[in-house]
Amino acid sequence: MPALLGKLVLVTGAGSGIGRAACQLFSKEGAKVIAADIDLNRAQNTVALLNDIDEHLPLQVDVTNLQNVGLSLKKIMKRFSNPPTVVVNSAGITRDNFLLKMSEEDFNAVINTNLNGTFNIMQTFGNALANMDPSPGGSFINIASIAGKIANIGQSNYNASKVGVEALTKTAAKEWGKFNIRCNVLLPGFIRTPMVETVPDKVIEGILRQVPLRRMGKPSEIAEVIVFLASDKSSYVNGATIEITGGFF
Ligand SMILES: NC(=O)c1ccc[n+]([C@@H]2O[C@H](COP(=O)([O-])OP(=O)(O)OC[C@H]3O[C@@H](n4cnc5c(N)ncnc54)[C@H](O)[C@@H]3O)[C@@H](O)[C@H]2O)c1
């Protein structure tokens, strides 16, 4: 039997890269997928790739806007009558520059999307589950980055946002254990998605020399871990940080 048969799953950043790969694997494992992205077109393109298209919902959501996130919960309740018990925060952006040259706007944009966006989704959908009696339990999976741990040059905004996401996740794991809601965080290394298309070839070559597996990861290799954390196979994994980097750290 598929591992996630009938489970309702929300994925942000579902229109591309890791979020899209997660949606694809979730649907293979029998889940109903809410593919949320700031770009509705991309979310729709993701749903078009899934099995049983009518089971799933593409949704336009700007994770930086708490009101907009609240509205998305209302739309989900209208369509499915229940909140998702699996929530994946994959929406994220980069705006790289050296610290001395970084604009306030770029710093704030990255913190707003990656950290505040994760907070907005966690609080809205965490409340929806915690307020149910009895709570159905759940699994929140947040995508941070190994960049936070190693402090990539030129990414002070991104690194800070991702360390924040890790701390946010671990706090939620402690606070929400009583509702049987597990929260875990992934630190991917270098994964081949549109996000890394702006990285110069020279920089990529330099990084790959430091990756013991000598290659970039595939979005599907992150999706496998996401699906594991969403399933009951990981029922005692809570508050964990999982590095998926090919050995790079
Ligand atoms: N690709 C990598 O090497 C890598 C490494 C470590 C961590 N990550 C993290 O993984 C996550 C996914 O990255 P990816 O590589 O798939 O990126 P991507 O750029 O391919 O996809 C990100 C998606 O997020 C969406 N998005 C951006 N802002 C949004 C907002 N305000 N509201 C809703 N959606 C929004 C974009 O439209 C896009 O579809 C990100 O959090 C990223 O920081 C990526």
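Take each peptide in 183-190, 233-240, count the other Cβ atoms within 10 Å of every residue, and average; sorted highest first, the result is 183-190, 233-240. In terms of accessible area, using a 1.4 Å probe and ignoring ligands and nucleic acids, L10, L213, L115 rank largest first as L213, L115, L10. Within the listed set E105, E175, E166, the Gaussian network model of the chain (springs between alpha-carbon atoms below 10 Å) gives the highest mean-square fluctuation for E105. Of the accessible area of region 8-243, computed with a 1.4 Å probe over protein heavy atoms only, carbon and sulfur atoms account for 51 percent. Using the Cβ-Cβ distance between E205 and K101 with R0 = 22 Å, the FRET efficiency computed as 1/(1 + (r/R0)^6) comes to roughly 0.35.
Remark: region 170-176, residue by residue, has Karplus-estimated 3J(HN,Hα) of 5, 5, 4, 4, 6, 6, 9 Hz, where x stands for each Gly or Pro and the curve is 6.51 cos²θ - 1.76 cosθ + 1.60 at θ = phi - 60°.
In the chain, the longest principal axis of the Cα atoms and the axis of helix 17-28 are about 30 degrees apart. 3J(HN,Hα) couplings calculated from phi for region 6-12 with the Karplus curve 6.51 cos²θ - 1.76 cosθ + 1.60 (θ = phi - 60°) are, in sequence order, x, 5, 9, 10, 10, 10, 8 Hz; Gly and Pro show x.
V63 contributes about 10 Å² of solvent-accessible surface, heavy atoms of the protein only, 1.4 Å probe. Could you give the distance between the Cα centres of region 30-107 and region 136-160, to the whole Å? Cα centroid of region 30-107 versus Cα centroid of region 136-160: 17 Å apart. Taking every protein chain into account, the 1.4 Å probe leaves T118 with about 10 Å² of accessible area, to the nearest ten. Rolling a 1.4 Å probe across the protein heavy atoms gives the chain an accessible surface of 49 Å² per residue.
Grouping the Cα pair distances of the chain into 5 Å bins from zero gives a pair-distance distribution of 1, 7, 14, 19, 21, 17, 11, 6, 3, 1, 0 percent in increasing distance order. Please give the charge dipole size of region 1-95, origin at the Cα centre, charges +1 on K and R Cβ atoms and -1 on D and E Cβ atoms. Round to the nearest 20 debye. Dipole size: approximately 160 debye. Which links in K32/K149; K101/K218; K149/K174 stretch past 30 Å when you go from one Cα to the other? As for pairs spanning more than 30 Å Cα to Cα, those are K32/K149; K101/K218.
Working note: 222 nm ellipticity from helices only, DSSP H runs with n ≥ 4, each -39,500 (n - 2.57), summed and divided by the residues of the chain, gives -13000 deg cm²/dmol to the nearest 500. Rg of the Cα atoms in region 1-67, relative to 2.2 N^0.38 Å, amounts to 1.02. Simple point charges give the picture: +1 on the Cβ of Lys and Arg, -1 on the Cβ of Asp and Glu, and for the chain a dipole about the Cα centre of about 340 debye. So if R0 is 25 Å, what FRET efficiency would N82 and A240 give, r being the distance between their Cβ atoms, rounded to the nearest 0.05? So the FRET efficiency works out to roughly 0.45. Nearest 10 degrees, 0 to 90: what angle lies between the long axis of helix 219-230 and the longest principal axis of the chain (Cα atoms)? It is inclined by approximately 40 degrees. Solvent-accessible area of K74, all protein chains in place: 150 Å² (probe radius 1.4 Å, heavy atoms, ligands and nucleic acids excluded). For the chain, the longest principal axis of the C-alpha atoms and the axis of helix 66-80 are separated by about 40°. For T171, project a label point 7 Å along Cα to C-beta. Then give me every residue of region 71-113 with its amide nitrogen under 17 Å of that point. Zone members listed by number: 111-113.
Here the Gaussian network model covers the chain, with springs between Cα atoms less than 10 Å apart; of S139, S81, S16, S81 fluctuates the most. Of Q210, Q44, Q123, which is the most mobile in a GNM of the chain whose springs link Cα atoms less than 10 angstrom apart? Greatest mean-square fluctuation among the candidates belongs to Q210.
Here the Karplus curve 6.51 cos²θ - 1.76 cosθ + 1.60, taken at θ = phi - 60°, turns the phi angles of region 150-160 into couplings of 8, 6, 3, 4, x, 10, 4, 5, 5, 4, 5 Hz, with x standing for Gly and Pro. Close amide H partners of A240, meaning residues 5 or more places away or on another chain with modelled amide H under 5 Å apart, are V185.
The values are calculated or read from the model by the stated rules, or taken from the named source; none is laboratory data. Note that the coordinates shown come from a computational prediction; the quantities given were computed from them, not determined experimentally. With ideal geometry, Cβ positions are generated from the backbone for all residues, glycine too; neighbour counts draw on all protein chains shown. Heavy atoms of the whole protein, side chains included, go into the accessibility calculation; ligands, DNA and RNA do not. Shrake-Rupley method; radii C 1.70, N 1.55, O 1.52, S 1.80 Å.
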